[in-house]
1. Please specify each residue of the range 138-157 satisfying the condition of being more than 12 Å from residue 330 (Cβ to Cβ) and over 18 Å from the mean Cα position of the chain (by Cα).
2. When you check residue 376 against the structure, is it closer than 30 Å to residue 120 by Cα and of a type outside the set (Gly, Ala, Ser), yes or no?
3. Report, by residue number, each residue of the range 442-454 that is among the small types (Gly, Ala, Ser) and at pLDDT 95 or above.
4. Residue 156 is checked against (1) crowded, with 22+ Cβ neighbours inside 10 Å; (2) touching a residue at least 60 places away in the same chain (Cβ under 8 Å); (3) touching a Ser or Thr at 6+ places or on another chain (Cβ under 9 Å) and fails just one. What number does that condition carry?
5. For residue 358, are the conditions met, namely being part of a helix (DSSP H, G or I), farther than 24 Å from residue 438 by Cβ and either touching a helix residue (DSSP H, G or I) at 6+ places or on another chain (Cβ under 6 Å) or not small (Gly, Ala, Ser) (or both)?
6. Which pairs do you get when a residue that is within 18 Å of residue 447 (Cβ to Cβ) and assigned to a helix (DSSP H, G or I), found in the range 394-409, comes within reach of a residue that is at pLDDT below 95 and basic (Lys, Arg), reach meaning Cβ atoms under 9 angstrom, with the pair 6+ apart or on two chains?
7. List every residue pair whose Cβ atoms sit under 7 Å apart, with the two residues 6 or more apart in sequence or on different chains, where the first one lies in the range 121-134 and is surrounded by fewer than 22 Cβ atoms within 10 Å (Cβ to Cβ) and the second, anywhere, is polar (S, T, N, Q) and assigned to a helix (DSSP H, G or I).
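The values are calculated or read from the model by the stated rules, or taken from the named source; none is laboratory data. Fair warning: this is a prediction, and the values are worked out from it, not measured in the lab. Cβ: placed from backbone, ideal geometry, glycine included. Neighbour counts: every protein chain shown.
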Amino acid sequence: MPNSTAEQRADLLRAIGADTTEALFGQIPDYHRLRTPIEMAPTLSSEVELARHLDGLLAQNRPAASMTSFLGGGCWQHHVPAVVDEIVNRAEFLTPVWGTPSSDFGRNQAWFEFTSQLGALLELEMVGLPVYSWGCAAGHALRMAARLNGRRRVLVPARMCPERRAVLHSYCASAGADRGIVVETYPCDLLGRADVDALRTLADDGIAAVYFENPAFLGGLEHRVADIVDIAHAVGAEAVVGVDPISLGVIAAPGAYGADIAVGTIQTLGIHMHAGGGLGGFIASRDEERYTAEYPTLLNSITETVDGKMAFGMMRFHQSSYGSREEGKDWTGNSTYLWAVGASVYMALLGPAGFREVGELILDRSHRAAERLAGIAGVSVPETGGFFKDFPVSYDRADFASVDAALRTRNILGGIDVGKLCPELPSAALYAFTEIHDDASVDALGVALQEILA
């Protein structure tokens, strides 16, 4: 690198008053330090060699779209209309999606449409620009709740997405014991729905928030959402719900049953999986001062200028990490703002009737798939009530790893391993069925499982 000579390093150290570079890395624990040199690949001397090398690496991948994929649990394969990709890849959005106000080529209006449409879908008035993932949104929401009521304990489902829960725990942890948030769990059934009676006994006046999901991670649709909200409110806690917005064409919106804060994914709103890079999470609430004052995200709004024109811009910018850096409510980031543009296009294309149609299609295909799989010898599907697009499938005659490997040889990506979450189902896989899974793909899965488990 141009600035890596010994003389330049000495000049830089002298400018900051350090004797060696070691002082810059003192906060990194010794056990995280690299002790042996990295074996670097030989230098690539031309662009031709670089292109060949990268193409070789990419050729090792097997994109989900090239197989029949039933992966879900947080990142799903949904249909993305071509017009969404066309608009997201336009230079007006792709290059200046984040930058100075002078680089706004309709970005702020697209963001306003995103927050407005998602707010209408959720039946909540306040929606922030997206954060990195559903897990990040849930973590932010629980920290918001703790700031609102000053309490330091939260209740979350025992059967929750492991990755989402790990992120949530990171958000609730703190180097200072007086600032950390204790995460406690309440029991759930085989589809991840809350044991409401047990939850009622666990909730007390030390709880900052009760967090639940609808649909649950394991697919179940909560039948008693109003009861869960009432339990939270009875002890002065915030009711925080995690939702997949693609389900809101067929199930009640969070605002309809009194949830205080709603979080969830935006990946299902016209965003490709992108090897896990298509994630994004939202935070929404009622438009009340006590909530808006605790948002860590950017809040987009519209106003009338002095000459009678309409203008879009940011409000309460000072409370974000952009406006106050480390003094902000929480740290937030901008890598998902382009996905907000894509989601706004997707929601506009579907409209209310479209959301209902795609929701009904997913319900129909997932339940037909459950009936098909339940009829296979060696396969069990829990009969515990309604679900949306995900549900666990238990292999009675084989372990998860062997079935998964056998499915891959048939160009099928089976469900994700959830046996640790469900001790009652040690060889369980969480399958997802969306609008892209027609009868032929479900039949192919059924035939493959019959052969593997024979």
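1. Residues satisfying the conditions are 145, 148, 149, 150, 151, 152, 153, 154, 155.
2. Against the criterion (closer than 30 Å to residue 120 by Cα and of a type outside the set (Gly, Ala, Ser)), residue 376 does not qualify.
3. 444, 446, 448
4. (2) is the only condition that residue 156 fails.
5. Here the answer is no, as residue 358 does not meet what is asked.
6. From the range 394-409, the pairs are 408/62.
7. Note: pairs meeting the criteria are 126/292.
Yes/no matrix, rows are residues, columns are (1) buried (at least 24 other Cβ atoms within 10 Å of the Cβ); (2) of a type in the set (Val, Ile, Thr); (3) outside the structural domain of residue 388 (by TED's automatic domain parsing):
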site	(1), (2), (3)
213	yes, no, yes
218	yes, no, yes
224	no, no, yes
228	yes, yes, yes
233	no, no, yes
250	no, yes, yes
253	no, no, yes
258	no, no, yes
